[in-house]
Amino acid sequence: MTKRALITGITGQDGSYLAEHLLGLGYQVWGLCRGQANPRKDRIAQLIPELSFVDGDLMDQGSLVSAVDLVQPDEVYNLGAISFVPMSWQQPELVTEVNGLGVLRVLEAVRMVSGLSKSSGGTSRGQIRFYQASSSEMFGKVAESPQRETTFLHPRSPYGVAKTFGHYITRNYRESYGMYGVSGILFNHESPRRGAEFVTRKISLAVAQIKLGLLDKLSLGNLDAERDWGFAGDYVRAMHLMLQQEEPGDYVVGTGTMHKVSDAARIAFEHVGLDWRDHVVVDPGLVRPAEVETLCADSGNARRDLGWKPEVDFEELMRMMVESDLRQASRERDYSRLIATGASGPPGLVGNW
């Protein structure tokens, strides 16, 4: 029988890669999407024509119950979130509403459609299986390094605090209702589909524009901040594998290797034959109020239990992103020149996806 999956956050980086992965495995896949007039929905519909959509909103409990009831999924992947950490200081209430209470609402929808109750003493077998996108930002001011599933959580941003609530409420539903619910504690994962506000994509976009003579300088914040960066396409495989295990459990997913922001800049600029020190300037306004300095994953359990390992290393990832942004910047430059000459014609898809 063909499995059915419902993905929240379908228009984001992870949602798109996960949808492609599941479709490749023979799943029927639905993406939860808020509202019809959504330009990101149109882009992903062009990228993945086999994908189906269902209306729903992480801030509307009724819509989530209706979506889960309509799709009748075997697996629900909750990837929907406001994922840009600095925004959580600007709009902490909104980020908490979506990233924290949104998890609770999806869990409630799954519980209600599954007919689970605390008194039922339910078993996790034969139910809708639920995946929650937890985050390495929950570790924050790290108690040990590298970080593993048992590491004490000390989030350093409203984003991290909201994600911590989502992580613990998923565990609570697993323990209270017997729900098959797991959390993937994913460390930073990037790709050409990453939003332009994230530092790795900000770097790759700027490198492409500087190489083409469209920009001269790139402003960055803390160059010494270190992260464990991997490729998003690798990490969605881990999400799926977590829901295929006999018993539910939480897993840390990362490469186990750290790089500084300055390393990302160096690799990206070197790929196009430039010296990053000639173009990068430090902007103190881009430094977080409470910085998370060092995050590094111990994904030994995921490697052992799930048989998962990353396939794309950091240097290859940064080069991949720069090449993609070079193609995009070239298209946009050529189209601008076409318009300037008075020529007409369809621009095609502008952007990576």
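The values are calculated or read from the model by the stated rules, or taken from the named source; none is laboratory data. These numbers come from a predicted model, not from an experiment. Please note: Cβ atoms are built from the backbone with ideal geometry, for glycine as well, and neighbour counts cover all protein chains shown. For the accessible areas, the whole protein counts, side chains as well, though only heavy atoms, and no ligand, DNA or RNA atoms are used. Shrake-Rupley method; radii C 1.70, N 1.55, O 1.52, S 1.80 Å.
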Tilt, helix 13-24 to longest principal axis of the chain (alpha-carbon atoms), in degrees rounded to tens, equals 60
Tilt, helix 261-271 to longest principal axis of the chain (alpha-carbon atoms), in degrees rounded to tens, equals 50
Note: probe point = Cα of L94 + 7 Å toward Cβ; backbone nitrogen < 20 Å; residues of the range 46-70 passing the test are 56-61
Expected field for T2, accessible surface area in Å² at 1.4 Å probe radius, rounded to 10, holds 70
Rounded to 0.05, the calculated FRET efficiency for the beta carbons of E197 and E247 at R₀ = 41 Å is 0.60
The answer for N222, listing residues at least 5 apart or on another chain whose modeled amide H is closer than 5 Å to its amide H, is R288
A 1.4 Å probe over the protein heavy atoms gives the range 116-245 a carbon and sulfur accessible-area percentage of 50
In debye to the nearest 20, the charge dipole size for the chain, taken about the Cα centre with +1 at each Lys and Arg Cβ and -1 at each Asp and Glu Cβ, equals 420
Sorted by chain and then number, the residues having a modelled amide H within less than 5 Å of the amide H of W308, at least 5 places away or on another chain, are R303
If one compares the long axis through the Cα atoms of helix 314-340 with the longest principal axis of the Cα atoms of the chain, the angle in degrees, nearest 10, works out at 60
Taking Cα pairs closer than 8 Å and at least 6 residues apart, the relative contact order of the range 1-114 in percent is 30
When the chain is treated as a Gaussian network with springs between alpha carbons less than 10 Å apart, the largest mean-square fluctuation among A329, A143, A162 is found at A143
Here the percent of antiparallel bridges among DSSP beta bridges lying wholly in the chain, to the nearest 5, is 5
As a percent rounded to 5, the proportion of antiparallel DSSP bridges among beta bridges in the range 186-297 is 20
Which residues qualify? For L186, with a placed amide H closer than 5 Å and at least 5 residues away or on another chain, they are S134, S135, S136, V253
Given Cβ charges of +1 for Lys and Arg and -1 for Asp and Glu, the option among H240, M258, S136 whose Cα lies farthest towards the positive end of the dipole of the chain is H240
Note on the range 1-102, DSSP bridge orientation, antiparallel percent to nearest 5 equals 0
For H21 the rounded accessible area (nearest 10 Å², probe 1.4 Å, non-protein molecules ignored) is 50
Answer in debye to the nearest 20: the dipole magnitude of the range 189-289 about its Cα centre, from +1 Lys/Arg and -1 Asp/Glu charges placed on Cβ, is 400
Karplus-derived 3J(HN,Hα) from phi for the range 99-110 (6.51 cos²θ - 1.76 cosθ + 1.60, θ = phi - 60°), whole Hz, x at Gly and Pro, runs 7, x, 5, x, 4, 4, 5, 5, 4, 4, 4, 5
Share of accessible surface on carbon and sulfur in the range 1-114, whole %, 1.4 Å probe and ligands ignored, is 51
Ranking E108, E144 from most to least accessible area with a 1.4 Å probe gives E144, E108
Mean accessible area per residue over the chain (1.4 angstrom probe, all protein chains present, square angstrom) is 43
By accessible area (1.4 Å), largest first, W229, W89 order as W89, W229
For F269, F84, the accessible-area ranking with a 1.4 Å probe, largest leading, is F84, F269
For the range 199-257, the dipole about the Cα centre with charges only on Cβ (Lys and Arg +1, Asp and Glu -1), to the nearest 20 debye, works out at 540
The lysines whose Cα lies under 18 Å from the Cα of K260, excluding any fewer than 8 residues away in the same chain, are K141, K202
Note on the chain: contact order normalised by length, alpha-carbon pairs under 8 Å, 6 or more apart, percent, works out to 16
Checking I185, I339, I48 against a Gaussian network model of the chain (alpha-carbon springs below 10 Å), the top fluctuating residue turns out to be I339
Burial-style ranking of 56-64, 73-81, average other-beta-carbon count within 10 Å with highest first, yields 73-81, 56-64
